[in-house]
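The values are calculated or read from the model by the stated rules, or taken from the named source; none is laboratory data. Quick caveat: nothing in here was measured; it's all calculated off a predicted structure. No Cβ is skipped: glycine too gets one built from the backbone with ideal geometry, and neighbour counts run over all protein chains shown.
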């Protein structure tokens, strides 16, 4: 429907023809409201975006939600995630409301690189790590008190693993809790181990209270190298690590270069949903700093 509308706009440049076409196809009831949505979609989407939406069988309600995203790269991101992860419109609206794009690693890159990686992901029909992992995670579904321990956090995640996986993103599968890793007769315990089907990687997750500390990187590298040597299957990619901290300190992460092509991702988690306006400002500043320092 939107493709036809777009073609009419390009060929006729006539709002009168567009009105008659929409009324004829939709009927009289609610025609004006539907027409506004059609016009918005036709004016917002490029031809390529509309063709992609049609090819991936996005519904009219998907397109309507996407049409109110002004940034074209952000719109492409959500369209591709809808197609790849088979989001229904409710999930799409939830992810837009929770500012998923701003929380993913790809949003912190310069526009040309974002555009290139989105095209690459679309052409290869695959997810990239920077589309999957996020700078922050909302774990409000766990119902934790104001003060809690790492053990209580882990227990809460396991008891509601389905909701936790939903926040991580689709295609994650649970593998193990407190995975024992033995090196030089010393036992270490990895908090959580997942597998991502699309990335074909084991994902090691370490839970931390407070801010990120440099020693966490060495600990995670030990886990990843152990998993790579002893647990990785021949057809899998190398494991990747996610360190979840209750407080953010991006300067440490920046100096350790953990935000650029590193097998270790660091993110902050929130046990209560923060104020959306304050969060949006935080994301805006973080993205601006990251793009300024990106090389």
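Does residue 211 satisfy being assigned by TED's automatic domain parsing to the domain that holds residue 245 and either assigned to a strand (DSSP E or B) or under 20 Å from the mean Cα position of the chain (by Cα) (or both)? Considered against the rule, which asks whether it is assigned by TED's automatic domain parsing to the domain that holds residue 245 and either assigned to a strand (DSSP E or B) or under 20 Å from the mean Cα position of the chain (by Cα) (or both), residue 211 comes out as no.
Among the candidates 191, 206, 146, 155, the residue that is outside the structural domain of residue 100 (by TED's automatic domain parsing), outside any helix (DSSP H, G or I), surrounded by fewer than 18 Cβ atoms within 10 Å (Cβ to Cβ) and without any contact (Cβ under 8 Å) to a residue 60 or more places away in the chain is uniquely 146. Residue-level check: of (1) closer than 22 Å to residue 242 by Cα; (2) over 13 Å from the mean Cα position of the chain (by Cα); (3) surrounded by fewer than 16 Cβ atoms within 10 Å (Cβ to Cβ), residue 166 misses just (2). In the range 269-283, the residues that are assigned to a strand (DSSP E or B) reach residues that are modelled with pLDDT of 75 or more with C-beta atoms within less than 6 angstrom, at least six apart or across chains, in these pairs: 269/137; 269/139; 269/244; 270/138.
Scanning the range 242-268 for residues that are at pLDDT 70 or above, part of a loop (DSSP other than H, G, I, E, B) and at negative phi yields a total of 5.
Within the bounds of the range 116-123, is there any residue that is within 19 Å of the chain's Cα centre (by Cα) and farther than 27 Å from residue 136 by Cβ? Yes; the residues of the range 116-123 include at least one that is within 19 Å of the chain's Cα centre (by Cα) and farther than 27 Å from residue 136 by Cβ. The residues of the range 220-235 that are assigned to a helix (DSSP H, G or I) and surrounded by fewer than 17 Cβ atoms within 10 Å (Cβ to Cβ), listed by number, are 221, 222, 225, 228, 229, 230.
State which residue is farthest from the chain's Cα centre (by Cα) when the search covers only the range 62-72 and only residues that are buried (at least 16 other Cβ atoms within 10 Å of the Cβ) and in a helix (DSSP H, G or I). Out of the qualifying residues, it is 64.
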